[in-house]
Amino acid sequence: MTKNIRILDIAKKAGVSIGTVDRVLHQRGEVSEETREKILKIIREFDYRPNILASTLASKKIINFASLTPKAGNKDSFWSKPQEGIDKAVNRLSQYGIRLEQYHFKMEDPDSFTRESNKILESKPDGILLAPWGKRESLKFTQILDEQSIPYVFIDSTLEEAHPMSFVVQDSVQSGFLAAKLLDYGITPKSNILMIHITKNLQNANHLLLRETGFLNYFETVGHKSHRIIKMEVGSDEIQRATSLNTSIAKVDSIDAVFVSNSKVHLVAGLFDSYEVRPKIIGYDLIPKNVDLLLQDKIDFLLNQNPEIQGFSATNILFDKIVRKESVNEANYTAIDIITKENYKYYISI
């Protein structure tokens, strides 16, 4: 009975109808608290799990999910990695009638987020996987999702003001703190540290601000307080970036360490080729351009966010909650992997 228990068996043991058991399993309809607890105790006793595949195939119901993430520039860019995880999860879950429509926005164009989110609303999906890149636009979108009772899961970052059923992220504050600690090991007191945000609108990039918070917290609490930290916010334009960097460097005798708060660290590392003593440099993510510079000793550390795992896990969370009707953890944090040229090849993704 333990191996082959059915709803009918649970109903007989509890002395109730099949319909009552079904209402408890799917958390719908009126059932007295005493009866509900009696049924749940039997379910736990026999470790009963509904046969989702059988019921889904029998009903032939299609579950439609949607994802809204930044558009990947190419297969080697950061945002191609979460998409790989999403694709792997969808391929595994397709036998259960899961379909996922992909939507993408341009990070430098907030209006593209609004346009794509409106398309998603028109499609009326059963659940949404969302990268809340632009805070203002994301909050407007999630407010509508809340009003329409459409569940959503965040990846890459989360927003305190929103109400996702779950999120899969790296702890941005803690990763910033770790980045500061790693740099502090390699520099002397009274060093000049360059903190660079490569983004169009920093105030709308919540996770970068959180990394900055963690980075500064380290030096305010346990690190050397004698360091001078120079903050820069630049776009991806090469000329602007070089000009801004040279202007900042001209204000000090030297740059001893560099923290780049996202995966675009490769856009900065090469600018220090002419230095007699290169600064310690740390950034994020195992994209090919970053790895190449890591192997050339032009980047000292990369903090990996496990983007494939984020996409894979978030998709499975939607499935577990919406199809399997299981409870899910609201907060899901991925590991903060410290990658060097000595260990990068041993890193295993999904």
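Values as computed for the structure displayed
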| read-out | value |
| --- | --- |
| Those residues of the stretch 198-233 which are part of a strand (DSSP E or B) and either surrounded by 20 or more Cβ atoms within 10 Å (Cβ to Cβ) or not assigned by TED's automatic domain parsing to the domain that holds L267 (or both), in sequence order | I198 |
| The stretch 164-211, subset out of contact with any Phe, Trp or Tyr (no Cβ under 7 Å at 6 or more places or on another chain) and basic (K, R), residue farthest from I230 (Cα to Cα) | K200 |
| Filter pass, N192 being buried (at least 17 other Cβ atoms within 10 Å of the Cβ) and either modelled with pLDDT under 95 or among the polar types (S, T, N, Q) (or both) | yes |
| Residue tally, condition under 20 Å from N206 (Cα atoms) and either part of a helix (DSSP H, G or I) or among the aromatic types (F, W, Y) (or both), over the stretch 117-143 | 11 |
| Yes/no for S244 being surrounded by fewer than 17 Cβ atoms within 10 Å (Cβ to Cβ) and not in a helix (DSSP H, G or I) | no |
| Selection count, the stretch 319-350, where residues are touching a residue at least 40 places away in the same chain (Cβ under 8 Å) and in contact with an Asp or Glu (Cβ under 8 Å, 6 or more places away or on another chain) | 9 |
| From the options P288, P307, residue that is within 25 Å of A205 (Cβ to Cβ), crowded, with 20+ Cβ neighbours inside 10 Å and touching a residue at least 40 places away in the same chain (Cβ under 8 Å) | P307 |
| Residues of the stretch 282-329 satisfying the condition of being among the charged types (D, E, K, R), more than 23 Å from the chain's Cα centre (by Cα) and part of a helix (DSSP H, G or I) | D292 |
| Tabulated pairs, the stretch 135-162, first farther than 16 Å from F105 by Cβ, second assigned to a helix (DSSP H, G or I) and of a type in the set (S, T, N, Q), C-beta under 6 angstrom, 6+ apart or interchain | A162/T142 |
| Selected residue [more than 20 Å from I299 (Cβ to Cβ), in contact (Cβ under 8 Å) with a residue 24 or more places away in the chain and polar (S, T, N, Q)] from S261, S191, S226, S175 | S226 |
| Criterion: surrounded by 13 or more Cβ atoms within 10 Å (Cβ to Cβ), over 25 Å from G85 (Cβ atoms) and among the acidic types (D, E) - qualifying residue of D146, D109, D156, D126 | D146 |
| Exclusive hit being under 15 Å from the mean Cα position of the chain (by Cα) and of a type in the set (S, T, Y), set S94, S80, S112, S123 | S80 |
| Scan of the stretch 265-281 for residues that are aliphatic (A, V, I, L, M) and in a loop (DSSP other than H, G, I, E, B), ordered by number | V277 |
| Matching option when the condition is in the same structural domain as A72 (by TED's automatic domain parsing), surrounded by 17 or more Cβ atoms within 10 Å (Cβ to Cβ) and out of contact with any Pro (no Cβ under 8 Å at 6 or more places or on another chain), among V265, V323 | V323 |
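The values are calculated or read from the model by the stated rules, or taken from the named source; none is laboratory data. What you see is a predicted model, and the numbers here were worked out from it, not measured in a lab. Backbone-built Cβ (ideal geometry, glycine too); neighbour counts: all protein chains shown.
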